[in-house]
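The values are calculated or read from the model by the stated rules, or taken from the named source; none is laboratory data. As the structure is a prediction and not an experimental result, all values here were calculated from the model. For neighbour counting, all protein chains shown are included, and Cβ atoms are generated from backbone atoms with ideal geometry for every residue, glycine included. What goes into the accessible areas is simple: the full protein's heavy atoms, side chains included, and nothing from ligands, DNA or RNA. Shrake-Rupley method; radii C 1.70, N 1.55, O 1.52, S 1.80 Å.
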Amino acid sequence: MNKNSKIIILIIVIIAAIAIAGLYLSGTLTSGGSNEEGSIDVLVGAGFSKVGADLISEFNKKYPNIKVNAKYGGSGELFATLETQKSGDVFLPADYKYMEDAMNNGYMENNTVKNITKNVPVIVVQKGNPKNITSLEDLAKPGVKVGVGEPDGPAIGKTTQKILEKNNLTDSVQSNVVVTTTTVNQLLTYIVTGQVDATIIWEDMTVWKEGDGKIEVIEIPADENIESTVPIGITSFVKDKPAADKFEEFVTSEEGKQIWKKWGFEI
């Protein structure tokens, strides 16, 4: 091998080493994730705080350079953010009603809206069920302290209102309501701490560790219940459309669906 050939080989080796070093620095060879960068703000129903954190964690394994800023809150509060602040890239409320309102007001890119799963309301009581509550009618029994979500706040509040109306229990149960909340998460806290005897929350929340060994669940018969469809969509205020697209694709993908199932949701 002549001198010129050795020089050429040395140059090739140096170039290859620089390229490999660049890949390591970028994370391509170390993280196994995409190099795509971005940042998105996701408006998420408070009841999805567990599954939402899991979805974001797994999403970031695939896209480590896309920052996901999640704002959790009651669906009514999140809708107000769209309405007053005109901000947020992705909307994931706990009930389709809020998505429908957002679409009708021009806050969504309507062709991006997809249904993911459903929310099923259940009655939750303290461990041991000391007030012997077995039905919706029992929420109206004398001496039962009931907690509900605000009708214009979290999705569970509006859904609870509809359930009581459907079963002609609005007035009788209302007389037992001792607290209303702005998020469904607060209702779980009230029942766990013994501040209320019964409440209505989403079924998936009954497997959260916060309630483990502290609550009992009473299912509401299908003909008395009102289930909610859970949608996701990209807002018309989106600032990083490619990143928002990637996130929605992941949340609704087969991998994303398995995460929803893990947290007790039916797809």
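Per-residue answers, yes or no, for (1) out of contact with any Phe, Trp or Tyr (no Cβ under 9 Å at 6 or more places or on another chain); (2) under 19 Å from THR183 (Cα atoms); (3) open to solvent by less than 40 Å² (accessible area, probe 1.4 Å); (4) part of a strand (DSSP E or B):
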residue: VAL42; (1), (2), (3), (4): no, yes, yes, yes
residue: LYS50; (1), (2), (3), (4): no, yes, no, no
residue: SER57; (1), (2), (3), (4): yes, no, no, no
residue: LYS61; (1), (2), (3), (4): yes, no, no, no
residue: VAL68; (1), (2), (3), (4): no, no, yes, yes
residue: PHE79; (1), (2), (3), (4): no, yes, yes, no
residue: THR84; (1), (2), (3), (4): yes, no, no, no
residue: TYR98; (1), (2), (3), (4): no, yes, yes, no
residue: ALA102; (1), (2), (3), (4): no, no, yes, no
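Which is closer than 22 Å to GLN195 by Cα, surrounded by 17 or more Cβ atoms within 10 Å (Cβ to Cβ) and of a type in the set (Lys, Arg), of LYS158, LYS127?
LYS158
Each row is one residue, and each column tells you yes or no for (1) within 26 Å of PHE48 (Cα to Cα); (2) of a type in the set (A, V, I, L, M); (3) in contact with a helix residue (DSSP H, G or I) (Cβ under 6 Å, 6 or more places away or on another chain).
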position: GLN126; (1), (2), (3): yes, no, no
position: ILE133; (1), (2), (3): no, yes, no
position: LEU136; (1), (2), (3): yes, yes, no
position: LYS141; (1), (2), (3): no, no, no
position: GLY153; (1), (2), (3): yes, no, yes
position: LEU164; (1), (2), (3): yes, yes, yes
position: ASP171; (1), (2), (3): no, no, no
position: GLN174; (1), (2), (3): no, no, no
